[in-house]
Amino acid sequence: CRKWTRAWPESSETMTLETASGRTFARACGRTTDPPLVLLPGARVGSLMWTPHVAALSAHYRTYALDIIGDVGFSVNRHKISKPEDLVNWLDEVLAVLAPERPVSLMGMSYGGWIAGQYALRFPGRLRNVVLLAPGGTVLPIAWGFFVRVTLLCLPIPGLGGSPLRRTLGWIFRDSAQGSDAARALFEETLADLQKIWHLFVLPRPLWPTVLEDKAWQAFGVPCLFLVGEHEKIYSAQAAVRRLNRVAPQIKTEIIPGAGHDLTMVQAELVVKKVLEFLGEQAAAAAPAA
(Lines give C-alpha, C1' and ligand atoms only; values in the text may rest on other atoms or scores of the structure.)
Protein backbone atom coordinates (compact mmCIF):
# COMPACT_ATOMS: atom_id res chain seq x y z
CA CYS A 1 0.00 0.00 0.00
CA ARG A 2 2.89 2.39 0.65
CA LYS A 3 4.00 2.16 -2.98
CA TRP A 4 0.50 2.97 -4.22
CA THR A 5 0.24 5.85 -1.75
CA ARG A 6 3.45 7.35 -3.16
CA ALA A 7 2.01 7.05 -6.67
CA TRP A 8 -1.17 8.94 -5.75
CA PRO A 9 -1.04 12.57 -7.04
CA GLU A 10 0.68 14.89 -4.58
CA SER A 11 -1.94 17.57 -5.23
CA SER A 12 -4.66 15.42 -3.69
CA GLU A 13 -6.12 15.76 -0.22
CA THR A 14 -7.74 13.39 2.23
CA MET A 15 -10.89 14.03 4.18
CA THR A 16 -13.05 12.32 6.77
CA LEU A 17 -16.80 12.74 6.42
CA GLU A 18 -19.07 12.26 9.42
CA THR A 19 -22.60 11.01 8.71
CA ALA A 20 -25.28 9.06 10.52
CA SER A 21 -23.97 5.82 8.98
CA GLY A 22 -20.42 6.35 10.17
CA ARG A 23 -17.09 7.92 9.35
CA THR A 24 -16.08 7.84 5.68
CA PHE A 25 -12.53 8.33 4.42
CA ALA A 26 -12.13 9.92 0.99
CA ARG A 27 -9.20 10.86 -1.24
CA ALA A 28 -10.03 13.98 -3.25
CA CYS A 29 -8.17 15.12 -6.33
CA GLY A 30 -8.74 17.64 -9.12
CA ARG A 31 -10.14 21.15 -9.36
CA THR A 32 -13.07 21.88 -7.04
CA THR A 33 -14.80 23.69 -9.92
CA ASP A 34 -14.89 20.56 -12.08
CA PRO A 35 -17.87 18.16 -12.05
CA PRO A 36 -17.73 15.63 -9.20
CA LEU A 37 -16.90 11.98 -9.91
CA VAL A 38 -17.17 9.51 -7.02
CA LEU A 39 -15.23 6.24 -7.17
CA LEU A 40 -16.23 3.05 -5.33
CA PRO A 41 -13.61 0.26 -5.14
CA GLY A 42 -14.00 -3.47 -5.22
CA ALA A 43 -14.24 -5.45 -2.00
CA ARG A 44 -11.11 -5.78 0.15
CA VAL A 45 -8.99 -3.31 -1.83
CA GLY A 46 -9.97 0.20 -0.70
CA SER A 47 -9.66 3.57 -2.40
CA LEU A 48 -6.05 3.06 -3.48
CA MET A 49 -7.19 0.67 -6.20
CA TRP A 50 -7.79 3.80 -8.31
CA THR A 51 -4.11 4.78 -8.27
CA PRO A 52 -3.53 3.91 -11.96
CA HIS A 53 -6.53 6.01 -13.05
CA VAL A 54 -6.89 9.00 -10.74
CA ALA A 55 -4.49 11.39 -12.49
CA ALA A 56 -6.22 11.03 -15.87
CA LEU A 57 -9.70 11.23 -14.35
CA SER A 58 -8.82 14.19 -12.16
CA ALA A 59 -7.65 16.20 -15.15
CA HIS A 60 -11.34 16.55 -16.05
CA TYR A 61 -13.26 15.84 -12.84
CA ARG A 62 -13.11 16.50 -9.13
CA THR A 63 -12.64 12.88 -8.06
CA TYR A 64 -13.51 11.44 -4.67
CA ALA A 65 -12.21 7.90 -4.07
CA LEU A 66 -14.01 6.39 -1.08
CA ASP A 67 -13.20 3.60 1.35
CA ILE A 68 -16.47 1.65 1.65
CA ILE A 69 -17.77 1.33 5.19
CA GLY A 70 -17.54 -2.17 6.60
CA ASP A 71 -14.58 -2.96 4.36
CA VAL A 72 -10.83 -2.30 4.37
CA GLY A 73 -9.55 1.23 4.77
CA PHE A 74 -10.25 4.07 7.14
CA SER A 75 -14.04 4.23 6.95
CA VAL A 76 -15.92 3.02 10.03
CA ASN A 77 -19.61 2.14 10.16
CA ARG A 78 -21.69 2.96 13.21
CA HIS A 79 -24.27 0.26 12.62
CA LYS A 80 -24.21 -3.29 11.31
CA ILE A 81 -24.47 -3.50 7.53
CA SER A 82 -27.03 -6.21 6.87
CA LYS A 83 -28.83 -5.24 3.66
CA PRO A 84 -28.19 -3.28 0.44
CA GLU A 85 -30.20 -0.33 1.71
CA ASP A 86 -27.60 0.23 4.45
CA LEU A 87 -24.90 0.84 1.85
CA VAL A 88 -27.19 2.87 -0.40
CA ASN A 89 -28.19 5.14 2.48
CA TRP A 90 -24.54 5.50 3.51
CA LEU A 91 -23.58 6.56 0.01
CA ASP A 92 -26.44 9.04 -0.18
CA GLU A 93 -25.31 10.62 3.08
CA VAL A 94 -21.76 10.91 1.74
CA LEU A 95 -22.87 12.47 -1.54
CA ALA A 96 -25.00 14.97 0.40
CA VAL A 97 -21.78 16.17 2.06
CA LEU A 98 -19.53 16.07 -1.00
CA ALA A 99 -21.93 17.61 -3.53
CA PRO A 100 -25.14 18.74 -1.84
CA GLU A 101 -26.48 20.71 -4.81
CA ARG A 102 -24.74 19.13 -7.82
CA PRO A 103 -25.48 15.96 -9.79
CA VAL A 104 -22.71 13.42 -9.39
CA SER A 105 -21.04 10.95 -11.73
CA LEU A 106 -20.57 7.61 -10.00
CA MET A 107 -18.21 4.78 -10.95
CA GLY A 108 -17.81 1.45 -9.19
CA MET A 109 -15.71 -1.65 -9.71
CA SER A 110 -16.97 -5.14 -8.82
CA TYR A 111 -18.52 -4.84 -5.32
CA GLY A 112 -18.45 -1.07 -5.71
CA GLY A 113 -20.18 -1.46 -9.07
CA TRP A 114 -22.97 -3.41 -7.43
CA ILE A 115 -23.42 -0.62 -4.85
CA ALA A 116 -23.40 1.99 -7.63
CA GLY A 117 -26.12 0.13 -9.50
CA GLN A 118 -28.24 -0.16 -6.36
CA TYR A 119 -27.81 3.56 -5.71
CA ALA A 120 -28.78 4.51 -9.27
CA LEU A 121 -32.07 2.63 -8.88
CA ARG A 122 -32.88 4.22 -5.53
CA PHE A 123 -31.68 7.81 -6.12
CA PRO A 124 -31.54 8.40 -9.89
CA GLY A 125 -32.09 12.14 -9.47
CA ARG A 126 -28.77 12.53 -7.65
CA LEU A 127 -26.72 11.14 -10.52
CA ARG A 128 -25.55 12.63 -13.78
CA ASN A 129 -24.44 9.18 -14.98
CA VAL A 130 -23.00 5.91 -13.70
CA VAL A 131 -20.21 3.59 -14.82
CA LEU A 132 -20.33 -0.08 -13.83
CA LEU A 133 -17.03 -1.95 -14.17
CA ALA A 134 -17.61 -5.73 -14.00
CA PRO A 135 -20.12 -5.26 -11.16
CA GLY A 136 -20.65 -8.17 -8.82
CA GLY A 137 -24.05 -9.73 -9.52
CA THR A 138 -26.19 -6.91 -10.92
CA VAL A 139 -26.38 -8.31 -14.47
CA LEU A 140 -25.81 -12.03 -13.92
CA PRO A 141 -25.37 -14.22 -10.83
CA ILE A 142 -21.82 -15.20 -10.00
CA ALA A 143 -21.21 -18.48 -11.81
CA TRP A 144 -21.06 -21.75 -9.85
CA GLY A 145 -18.02 -22.69 -11.89
CA PHE A 146 -16.25 -19.72 -10.35
CA PHE A 147 -16.75 -21.09 -6.84
CA VAL A 148 -15.72 -24.59 -7.85
CA ARG A 149 -12.50 -23.35 -9.42
CA VAL A 150 -11.64 -21.10 -6.45
CA THR A 151 -12.31 -23.97 -4.02
CA LEU A 152 -10.00 -26.28 -5.95
CA LEU A 153 -7.27 -23.64 -6.10
CA CYS A 154 -7.42 -23.26 -2.32
CA LEU A 155 -6.99 -26.97 -1.63
CA PRO A 156 -3.54 -28.33 -0.67
CA ILE A 157 -3.22 -30.43 -3.83
CA PRO A 158 0.28 -31.81 -4.53
CA GLY A 159 1.88 -30.18 -7.52
CA LEU A 160 0.07 -26.87 -7.20
CA GLY A 161 2.69 -24.19 -6.61
CA GLY A 162 2.33 -20.98 -4.64
CA SER A 163 -0.04 -20.00 -1.87
CA PRO A 164 -3.82 -20.44 -2.25
CA LEU A 165 -4.21 -16.66 -2.59
CA ARG A 166 -1.57 -16.47 -5.33
CA ARG A 167 -3.13 -19.38 -7.21
CA THR A 168 -6.61 -17.90 -6.94
CA LEU A 169 -5.65 -14.38 -7.96
CA GLY A 170 -3.40 -15.76 -10.68
CA TRP A 171 -6.48 -17.36 -12.24
CA ILE A 172 -8.93 -14.48 -11.66
CA PHE A 173 -6.36 -11.87 -12.79
CA ARG A 174 -4.70 -14.08 -15.40
CA ASP A 175 -4.23 -11.30 -17.94
CA SER A 176 -2.25 -9.26 -15.39
CA ALA A 177 -0.33 -12.20 -13.95
CA GLN A 178 0.79 -13.30 -17.42
CA GLY A 179 0.92 -9.89 -19.07
CA SER A 180 3.56 -7.21 -19.59
CA ASP A 181 6.22 -6.35 -17.02
CA ALA A 182 4.10 -3.43 -15.83
CA ALA A 183 0.99 -5.60 -15.55
CA ARG A 184 2.84 -8.31 -13.62
CA ALA A 185 4.32 -5.70 -11.27
CA LEU A 186 0.83 -4.36 -10.53
CA PHE A 187 -0.41 -7.89 -9.98
CA GLU A 188 2.39 -8.53 -7.45
CA GLU A 189 1.56 -5.27 -5.64
CA THR A 190 -2.10 -6.22 -5.48
CA LEU A 191 -1.23 -9.70 -4.19
CA ALA A 192 1.09 -8.26 -1.52
CA ASP A 193 -1.54 -5.76 -0.40
CA LEU A 194 -4.23 -8.42 -0.11
CA GLN A 195 -1.90 -10.64 1.90
CA LYS A 196 -1.35 -7.77 4.34
CA ILE A 197 -5.08 -7.05 4.48
CA TRP A 198 -5.92 -10.66 5.29
CA HIS A 199 -3.25 -10.62 8.00
CA LEU A 200 -4.14 -7.27 9.59
CA PHE A 201 -7.92 -6.95 9.25
CA VAL A 202 -10.73 -9.02 10.70
CA LEU A 203 -13.73 -8.01 8.62
CA PRO A 204 -17.27 -9.31 8.19
CA ARG A 205 -18.14 -10.79 4.85
CA PRO A 206 -19.37 -8.24 2.31
CA LEU A 207 -23.04 -8.40 1.40
CA TRP A 208 -23.77 -10.84 -1.38
CA PRO A 209 -24.29 -8.91 -4.66
CA THR A 210 -27.79 -9.38 -6.00
CA VAL A 211 -28.96 -9.49 -9.62
CA LEU A 212 -31.38 -6.88 -10.96
CA GLU A 213 -34.58 -8.22 -12.48
CA ASP A 214 -35.61 -7.35 -16.03
CA LYS A 215 -38.11 -4.74 -14.81
CA ALA A 216 -35.41 -2.98 -12.82
CA TRP A 217 -33.11 -2.80 -15.82
CA GLN A 218 -35.93 -1.63 -18.08
CA ALA A 219 -36.65 1.18 -15.62
CA PHE A 220 -32.96 2.10 -15.24
CA GLY A 221 -33.11 5.79 -16.11
CA VAL A 222 -29.57 6.97 -15.31
CA PRO A 223 -27.22 7.11 -18.33
CA CYS A 224 -25.02 4.07 -17.78
CA LEU A 225 -21.85 2.53 -19.18
CA PHE A 226 -21.18 -1.16 -18.51
CA LEU A 227 -17.61 -2.37 -19.09
CA VAL A 228 -16.44 -5.95 -18.63
CA GLY A 229 -13.25 -7.81 -19.57
CA GLU A 230 -13.54 -10.48 -22.26
CA HIS A 231 -11.99 -13.07 -19.92
CA GLU A 232 -14.20 -12.23 -16.91
CA LYS A 233 -14.37 -15.14 -14.46
CA ILE A 234 -17.30 -14.25 -12.18
CA TYR A 235 -19.75 -14.57 -15.08
CA SER A 236 -19.68 -14.68 -18.85
CA ALA A 237 -18.90 -11.25 -20.28
CA GLN A 238 -20.64 -12.11 -23.51
CA ALA A 239 -23.79 -13.37 -21.74
CA ALA A 240 -23.89 -10.24 -19.56
CA VAL A 241 -23.76 -7.95 -22.59
CA ARG A 242 -26.38 -10.01 -24.41
CA ARG A 243 -28.76 -9.72 -21.46
CA LEU A 244 -28.33 -5.96 -21.18
CA ASN A 245 -28.73 -5.46 -24.91
CA ARG A 246 -31.96 -7.46 -24.73
CA VAL A 247 -33.64 -6.04 -21.62
CA ALA A 248 -32.02 -2.60 -21.32
CA PRO A 249 -30.81 -1.33 -24.70
CA GLN A 250 -30.44 2.14 -23.20
CA ILE A 251 -27.35 0.87 -21.32
CA LYS A 252 -24.12 1.36 -23.25
CA THR A 253 -22.10 -1.86 -23.11
CA GLU A 254 -18.60 -2.77 -24.17
CA ILE A 255 -16.25 -5.71 -23.72
CA ILE A 256 -12.63 -4.83 -22.95
CA PRO A 257 -10.16 -7.07 -24.80
CA GLY A 258 -7.17 -8.70 -23.12
CA ALA A 259 -8.63 -8.44 -19.63
CA GLY A 260 -10.74 -10.26 -17.10
CA HIS A 261 -11.75 -9.05 -13.64
CA ASP A 262 -8.45 -7.16 -13.73
CA LEU A 263 -9.63 -4.79 -16.49
CA THR A 264 -8.75 -1.75 -14.36
CA MET A 265 -5.22 -3.12 -13.93
CA VAL A 266 -4.13 -4.66 -17.21
CA GLN A 267 -6.15 -2.27 -19.42
CA ALA A 268 -6.14 0.83 -17.22
CA GLU A 269 -5.52 3.31 -20.06
CA LEU A 270 -8.22 1.83 -22.28
CA VAL A 271 -10.75 1.75 -19.43
CA VAL A 272 -10.07 5.40 -18.57
CA LYS A 273 -10.36 6.32 -22.25
CA LYS A 274 -13.76 4.62 -22.54
CA VAL A 275 -14.97 6.20 -19.29
CA LEU A 276 -13.89 9.72 -20.25
CA GLU A 277 -15.48 9.35 -23.69
CA PHE A 278 -18.77 8.26 -22.10
CA LEU A 279 -18.77 11.00 -19.48
CA GLY A 280 -17.87 13.57 -22.12
CA GLU A 281 -20.68 12.44 -24.40
CA GLN A 282 -23.15 12.71 -21.55
CA ALA A 283 -21.93 16.19 -20.65
CA ALA A 284 -22.26 17.32 -24.28
CA ALA A 285 -25.77 15.88 -24.52
CA ALA A 286 -26.83 17.66 -21.33
CA ALA A 287 -25.34 21.05 -22.34
CA PRO A 288 -27.90 23.68 -23.39
CA ALA A 289 -27.95 24.54 -27.07
CA ALA A 290 -26.14 27.75 -28.00
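The values are calculated or read from the model by the stated rules, or taken from the named source; none is laboratory data. Nothing here was measured: the structure is a model prediction, and the numbers come from that model. Positions of Cβ are generated from backbone atoms using ideal geometry, with glycine treated the same way; all protein chains shown enter the neighbour counts. Surface areas here come from the heavy atoms of the whole protein model, side chains and all, with no ligands, DNA or RNA. Shrake-Rupley method; radii C 1.70, N 1.55, O 1.52, S 1.80 Å.
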### Task
Would you kindly compute the Cα radius of gyration of the chain and its largest Cα-Cα separation (Dmax), both in Å?
18.3, 69
### Query
So who's got an amide H within less than 5 Å of the one on Val139, skipping anything under 5 residues away but keeping other chains? H placed 1.01 Å off N, in plane.
Leu212
### Message
Run the paramagnetic zone check for Ala143: 7 angstrom along Cα to Cβ, then residues of segment 222-257 with backbone nitrogen under 13 Å.
### Response
229-241
### Query
GluC sites (Glu not before Pro) within segment 162-214: which are DSSP loop residues with at most 14 other Cβ atoms inside 10 Å?
Glu213
### Query
Which value, in Å², gives the accessible area per residue of segment 1-92 when a 1.4 Å probe is used on the protein heavy atoms?
44
### Task
Restricting to the chain, compute how many DSSP beta bridges are antiparallel as a %, nearest 5.
35
### Summary
One would report the antiparallel percent of DSSP beta bridges in segment 1-148, rounded to the nearest 5, as 50
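On average, how much accessible surface per residue is there in segment 159-226, in Å², for a 1.4 Å probe, leaving out ligands, DNA and RNA? Please list the in-between numbers first.
Values: 3910 Å² over 68 residues.
With the other protein chains kept in place, segment 159-226 gives 58 Å² per residue.
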### Normalised alpha carbon radius of gyration of segment 96-240 [divisor 2.2 N^0.38 Å]
1.21
### Summary
Here the residues of segment 185-219 lying in the modelled label zone of Lys83, meaning backbone nitrogen under 19 Å from a point 7 Å along Cα-to-Cβ, are 205-213, 216
#### Entry: Residue among Thr19, Thr138, Thr151 with the largest mean-square fluctuation in a Gaussian network model of the chain, springs linking Cα atoms under 10 Å
Thr151
#### Entry: Total charge dipole magnitude, the chain, about the Cα centre, Cβ charges on Lys, Arg, Asp, Glu only, Debye to nearest 20
440
### Query
Across the chain, how many lysine pairs separated by 8 or more positions, or lying on different chains, have Cα atoms within less than 19 Å?
4
#### Entry: Percent carbon-and-sulfur accessible area, the chain, ignoring ligands, DNA and RNA, probe 1.4 Å
58
### Task
Find which of Pro135, Leu91, Phe25 sits farthest along the positive direction of the dipole of the chain, computed with +1 on the beta-carbon of Lys and Arg, -1 on that of Asp and Glu, about the Cα centre.
Pro135
#### Entry: Positive dipole terminus of the chain, leading residue within Ile197, Gly108, Leu225 (C-beta point charges)
Ile197
### Summary
Placing +1 on each Lys and Arg Cβ and -1 on each Asp and Glu Cβ in segment 49-156, then taking the dipole about the Cα centre, the residue among Ile81, Tyr64, His53 whose Cα reaches farthest towards the positive end is His53
### Message
Multiplying the sequence separation of Met15 and Lys215 by 0.36 nm and subtracting their Cα-Cα distance, what value in nm do you get?
### Response
68.2 nm
### Query
Relative contact order of the chain: what whole-number percent is it, with Cα pairs under 8 angstrom and at least 6 residues apart?
17
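Taking the Cα centre of segment 1-121 as the origin, how large is its charge dipole in debye, to the nearest 20, when only Lys and Arg (+1) and Asp and Glu (-1) carry charge on their Cβ atoms?
It works out to roughly 400 debye.
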### Residue-span extension gain [Arg102 to Ala185] - 0.36 nm each, minus C-alpha spacing
26.0 nm
### Task
Take segment 185-283, compute every pairwise Cα distance, and split them into 10 Å bins from 0; I just need the percent in each bin.
13, 33, 35, 17, 2
### Of the trypsin sites (Lys or Arg not before Pro) in segment 1-93, those whose Cβ has at most 10 other Cβ within 10 Å and which sit in DSSP loop
Lys80
